[in-house]
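The values are calculated or read from the model by the stated rules, or taken from the named source; none is laboratory data. Treat the numbers as computed from the prediction; the structure is a model and nothing was measured. Reconstructed Cβ throughout: ideal geometry from the backbone, glycine too, with neighbour counts over all protein chains shown.
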Amino acid sequence: MYLDFAATNKISQIWIDSIIHSNSKNLFGNPGSYHKAGFEALDMMENSTKNILNDIFEDKEIANQYDICYNSGSTESINQFIYAMSKQQNVLIVYENVAHKAVLKSVQKYFPEDNFKLEFSLTVEDNLKNLKEFLENSQKYYKRCVLVLTSVNNETGGIINPEIIGKIDNIFKDYREISTYAGERLIDVFIDHTQGFMKNNEIVHLADVFCFSAHKIGGMKGFGGLVYKKEYERILKENSLIVGGYEIRGGTKDPISVKALDDLVDDKYIRRIISGDTIVHLHNVIVWKLQEIANEYKIELTFNKHSDFYMKDQSPYIINASFVGIEGESLMSSLIDDCISTGSACNSSELKTSHVLSGMGIKKLIANCAFRISIDETVNEEELKDFLDNRFKPAIKFLARMRTRHGEE
Ligand SMILES: Cc1ncc(COP(=O)(O)O)c(C=O)c1O
């Protein structure tokens, strides 16, 4: 059974049908070309972009403030934005120690010095105090602060608490001694929205720029985008990572994939309204079953969640838990035909303790026992229960016995 939806999804029939339909209607033209096929493709792309933004923001006026640069997905978008901001003068980047590797590596590469890391193992107050001290003691005078947050953490499913944005903005306003109109921010907010895209869209109303990857919702891998407020267009264009035209990103555009994304987003939008309870129910089934197993075999079970402040809610799509004493790797290798994950989606081959869990202050003993089950609405409840009762539970039983045996030796 496939339960690693946070890593990637099967290509949806909607995507496939849309591609076939557009191709058969000869909508394959290069939107940069001045001929009929080019104009038709451009119209389709612009129209789809409008629809996608309207579905994300559910408000035409807000949607109209943004545009999308299509690219290969979140990793590229993160690089693109962080690189462009690193080319501005006197910028400090504030980021999370529990961010995805794409953020951590981009910050290391493009902002090796001017960065401040929020440590999720510390209290918010301590982090804010440290940031204040960092700014006061810095040799440099920072004019701009870029805050990089993750809407939904890919390992734990924690949903970021938006209050952190206002708190960091206030610290930066105090430091710059600038007061603004109510609600007007001084900082630039980037949100890594890879896991929250079309699932937890509320937070992106607070983003100036955010990213997504189509394959997380049933599109093709290697396609996604950077959604930006139009006032960022100049900075992005002047500092593009991939040059080769007059656009933010050089290269021939793919209107057919944009239309497929539009169709997929439409479906996700409608499906979320009609099946919002399904995902919560499936989530609860997993939580109940894990608790049942823990009780039956008397094994300590922890759900690896963030503190309430950093991550105010939990996405029902991701569950991260540990049966204490049973290593995640051993559990995974006993589930031959089933797919769950031990660590972050894109790094599950690494045997190192997850930087997310250790970054949250979770002890190594528990972090190394972590496993992640991630789902979507298409998961069949009966198959899920069958997996948990007839394959997952026996695996835990077996590994718990091994653990006791080793303990006795
Ligand atoms: C939170 C988060 N950010 C960024 C990425 C990178 O996405 P992609 O591999 O599609 O570029 C992932 C991938 O799983 C992710 O979960």
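Does residue 267 satisfy being among the charged types (D, E, K, R), part of a helix (DSSP H, G or I) and touching a Lys or Arg at 6+ places or on another chain (Cβ under 6 Å)? Judged against the criteria, residue 267 is not a match. Could you please let me know if residue 147 is touching a residue at least 24 places away in the same chain (Cβ under 8 Å), in a loop (DSSP other than H, G, I, E, B) and more than 14 Å from the ligand (Cβ to nearest atom)? Answer is no for this residue.
Considering the range 223-260, the residues that are touching a Lys or Arg at 6+ places or on another chain (Cβ under 9 Å) and not in a loop (DSSP other than H, G, I, E, B) include one that is surrounded by the fewest Cβ atoms within 10 Å (Cβ to Cβ), namely 238. Picking from residues in the range 110-153 that are among the polar types (S, T, N, Q) and in contact with a helix residue (DSSP H, G or I) (Cβ under 7 Å, 6 or more places away or on another chain), the one that is farthest from residue 208 (Cα to Cα) is 121. For the range 159-195, taking the residues that are within 11 Å of the ligand (Cβ to nearest atom) and not β-branched (Val, Ile, Thr), the one that is farthest from residue 318 (Cα to Cα) is identified as 192. Take the conditions (1) more than 16 Å from residue 100 (Cβ to Cβ); (2) more than 12 Å from the chain's Cα centre (by Cα); residue 204 misses just one of them, which is (2). For the residues 18, 72, the requirement of being under 30 Å from residue 383 (Cβ atoms) and either assigned by TED's automatic domain parsing to the domain that holds residue 144 or modelled with pLDDT under 95 (or both) singles out 18. Restricting the first member to the range 88-104 and to residues that are within 11 Å of the ligand (Cβ to nearest atom), and the second to residues that are among the aliphatic types (A, V, I, L, M) and part of a loop (DSSP other than H, G, I, E, B), the beta-carbon pairs closer than 8 Å and six or more apart or on different chains are 98/360. Scanning the range 223-241 for residues that are within 14 Å of the ligand (Cβ to nearest atom) and over 30 Å from residue 2 (Cβ atoms) returns a single hit, 241. If you go through the range 327-353 and keep only what is within 16 Å of the ligand (Cβ to nearest atom), modelled with pLDDT of 60 or more and crowded, with 20+ Cβ neighbours inside 10 Å, you end up with 340, 341, 342, 343.
Among residues of the range 203-222 being assigned to a strand (DSSP E or B) and within 13 Å of the ligand (Cβ to nearest atom), the one that is farthest from residue 166 (Cα to Cα) is 213.
So which helices (runs of 4 or more DSSP H) are wholly in the range 1-86 and hold at least 1 residues that are within 16 Å of the ligand (Cβ to nearest atom)? Spell out the reasoning first.
Details: elements: 13-24, 36-57, 60-63, 74-86.
Hits in the range 1-86: 13-24, 74-86.
Picking from residues in the range 153-198 that are under 26 Å from residue 360 (Cβ atoms) and among the acidic types (Asp, Glu), the one that is surrounded by the most Cβ atoms within 10 Å (Cβ to Cβ) is 192. Would you point out the residue of the range 314-326, among those that are outside any loop (DSSP other than H, G, I, E, B) and more than 16 Å from the ligand (Cβ to nearest atom), that is farthest from residue 125 (Cα to Cα)? This residue is 323.
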